[in-house]
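To keep things clear, I will list the structure first and then write my remarks on it.
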Amino acid sequence: MTKKKILIIDDEDDIRAGVIEFGQDLGYEMLEAANGADGYYKLEQSQPDAILLDLNMPGLNGLELLRQIKKRYPHIMVIVITGAGSRVIEAQIRQMGQYGYIEKPFDVEALFKEHISPKLAS
C-alpha cells in the first residue's frame, strides 16, 4: 500500500519539525517547505494527498498560494494553519471552499486525529 503524502509549508522550523515527526510516526510520507515558492515547487513535484499551509510567510504568502493550489489542484486537501487568524481571513478562506483552518499554537496529535487522518482514510 502506498503511503499518503503530506506537505507542510511553514516558515517556522519548530512547527515543521513537530508535524513531520508525528506524521512519520503515523506512517505518512512527510514533505516540507519553508516558504511559499518552495512549497509550490514541491507540490508540483510530489503531488501530495494533503497540504498544511501557513498563511504568514515571507515572499509568496499562504493566502496567494492557497488560491493557486485551489485553482490548479482542487482535489488536494489543504489545511490552513495560522498564528494571525482573523474573521476576515477566515471568511476569505471559506469563500475559496477551504474548510480546514486551525490557529497556532495547535496540538499536533489533534491536528492528525481530527483533521488529517479521517479525511485521508476515506
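The values are calculated or read from the model by the stated rules, or taken from the named source; none is laboratory data. Please read these numbers as outputs of a predicted model, since none were measured by experiment. Note: ideal-geometry Cβ built from the backbone for every residue, glycine included; neighbour counts use all protein chains shown.
Values computed for the structure shown
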item: Qualifying positions in the stretch 39-83 - among the basic types (K, R) and touching a Leu at 6+ places or on another chain (Cβ under 8 Å); result: K42
item: Selection from the stretch 59-85 of residues that are within 17 Å of Y41 (Cβ to Cβ) and either part of a strand (DSSP E or B) or among the aliphatic types (A, V, I, L, M) (or both); result: L60, L65, L66, I69, I76, V78
item: Selected residue (only one of G18, G27 is out of contact with any strand residue (DSSP E or B) (no Cβ under 8 Å at 6 or more places or on another chain), small (G, A, S), under 23 Å from A121 (Cα atoms) and in a loop (DSSP other than H, G, I, E, B)); result: G27
item: Residues satisfying the stated conditions in the stretch 64-91, i.e. at pLDDT below 85 and either of a type outside the set (D, E) or buried (at least 16 other Cβ atoms within 10 Å of the Cβ) (or both); result: T82, G83, A84, G85, S86, R87, V88, I89, A91
item: Residue that is modelled with the lowest pLDDT, among those in the stretch 102-118 that are acidic (D, E) and closer than 19 Å to R16 by Cβ; result: E103
item: Members of the stretch 8-61 that are in contact (Cβ under 8 Å) with a residue 24 or more places away in the chain and of a type in the set (V, I, T); result: I8, I9, I15, V19, I51
item: Which numbered condition A121 misses (of (1) surrounded by 13 or more Cβ atoms within 10 Å (Cβ to Cβ); (2) among the hydrophobic types (A, V, I, L, M, F, W, C); (3) at pLDDT 70 or above); result: (1)
